[in-house]
Amino acid sequence: MPTTLPFARFIHLMKAIEQLPMPAERFNRHRMQYDYILGQLCMAKAKGKDITVADLTDCAILGSQPTANKRLQELIACGLITSKEGNDRRQRILILSEAGHQYMTACSSAMEKAMQHAHSA
């Protein structure tokens with residue numbers, strides 16, 4: 001029988017997630033939505049694909065299209081993502097900025113440490 005139950009490890013991991021670094025104080029208010037957006041951009045980049053504003057504004061986790069667009073604009077204002085014109089003038093492609101990449105790297109490192117700690121507990 002393991003010394004730590006899976007649910008206890010899960011709770012430890014969730015507490016570690018709450019302690020992940022924040023790029024800006026206002027970021028904490030809608031963190032789940034921001035992290036979802038940044039995660040989608042990371043996954044798309046890993047697959048060599050682009051994500052457009054339309055791809056994310058149609059996502060239910062981000063709420064209505066105006067709310068999703070507002071979250072994207074907030075991330076752009078924080079310097080975590082940028083956008084560029086796509087093939088069609090009406091299309092905007094979202095890109096993880098260097099600051100966004102550093103933030104996601106810091107979060108990944110913190111999560112890996114928390115997972116190692118949870119497995120060793």
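Pairing each residue of segment 26-54 that is assigned to a helix (DSSP H, G or I) and modelled with pLDDT of 85 or more with any residue that is open to solvent by 50 Å² or more (accessible area, probe 1.4 Å) and charged (D, E, K, R), provided the two are 6+ apart or on different chains, yields C-beta distances under 7 Å for Ala44/Asp50; Val53/Arg92.
What is the residue count in segment 77-118 for residues that are part of a helix (DSSP H, G or I), polar (S, T, N, Q) and surrounded by 13 or more Cβ atoms within 10 Å (Cβ to Cβ)?
Of the residues in that region, 1 qualify.
In summary, Glu74 fulfils each of the numbered conditions (1) modelled with pLDDT of 90 or more; (2) among the acidic types (Asp, Glu); (3) open to solvent by 80 Å² or more (accessible area, probe 1.4 Å) with the single exception of condition (3). Taking residues in segment 88-117 that are more than 15 Å from Gly39 (Cβ to Cβ), and partners anywhere that are acidic (Asp, Glu), the pairs with Cβ atoms closer than 9 Å and at least 6 places apart or on different chains are Gln91/Glu85; Arg92/Glu85; Ile93/Asp50; Ile93/Glu85.
The values are calculated or read from the model by the stated rules, or taken from the named source; none is laboratory data. Everything numeric in this text was worked out from a predicted model, so none of it was measured. Here Cβ is always computed from backbone atoms with ideal geometry, including for glycine, and neighbour counts include all displayed protein chains. We work out accessible area using only protein heavy atoms, side chains counted, and drop any ligands, DNA or RNA first. Shrake-Rupley method; radii C 1.70, N 1.55, O 1.52, S 1.80 Å.
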